[in-house]
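See below for the structure under consideration.
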Amino acid sequence: NTGWRDSPLVEAALAGDLCVLDGIHRLRPDGLASLHQLLLDGEATLHDGTRLLRAGHFDALRERLGLTAQQLADSCSVRRVHPSFRVVALAQPPSPTDRWLSSDLLPLFAWHELPPIGEGEMADWLPPPGPAPRPAARG
């Protein structure tokens, strides 16, 4: 029997959080392609059959069926993507030997290439050492 648990990306989508994807240049092309529908359309189908719908589509479906959000999730496995959900993706720039940013992926991201920074500049950006931040509580 398989049990499914929401990934941090799905949790962020449902809660309207910011999800930071660091190192997306390391993903295989099919891994990035699987994000396509969620990033471009705000919708996705998960492996367990659950559908994530952007807020407008979810709300229209809920009204049309006369169900509450919980009833729609329980009976139809449909969940609402929060309208505040955002994704920031970090990666190394494409190179002649690693052309990970294909024409299929370009529409998913508004991207900016930043020049490398030296150690002196990096020290200016980083805060002085202090206590480690605590993870955000969910509940």
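The values are calculated or read from the model by the stated rules, or taken from the named source; none is laboratory data. Bear in mind that the values here come from a model prediction, so they are computed numbers and not experimental data. With ideal geometry, Cβ positions are generated from the backbone for all residues, glycine too; neighbour counts draw on all protein chains shown. Keep in mind that these areas ignore ligands, DNA and RNA; they rest on the heavy atoms of the full protein, side chains included. Shrake-Rupley method; radii C 1.70, N 1.55, O 1.52, S 1.80 Å.
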Please work out, to two decimal places, the log10 of the ratio I(q)/I(0) at q = 0.21, 0.22, 0.24 Å⁻¹ from a Debye calculation in which every Cα of the range 1-78 carries one identical scatterer. -1.08, -1.16, -1.30
Taking Thr97, Thr50, Thr2, Thr68 and ranking on accessible area (1.4 Å, protein atoms only), highest first, one gets Thr97, Thr2, Thr68, Thr50
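Peptides 122-129, 83-90, 98-105, 31-38: what's the order by average Cβ count within 10 Å, highest mean first?
For the peptides 122-129, 83-90, 98-105, 31-38, the packing ranking is 31-38, 83-90, 98-105, 122-129.
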Where labels lie 7 Å past Cα in the beta-carbon direction, separation of Glu11 and Asp74 in nm: 2.4
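Suppose we keep just the DSSP beta bridges with both residues in the chain; what percent of those would be antiparallel, to 5?
20
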With each pseudo-label sitting 7 Å past Cα toward Cβ, what's the Leu67-Leu114 distance in nm, one decimal? 4.3
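For the pair Asp48 and Ser103, what calculated FRET efficiency results from E = 1/(1 + (r/R0)^6), where r is the Cβ-Cβ distance and R0 = 35 Å, to the nearest 0.05?
0.65
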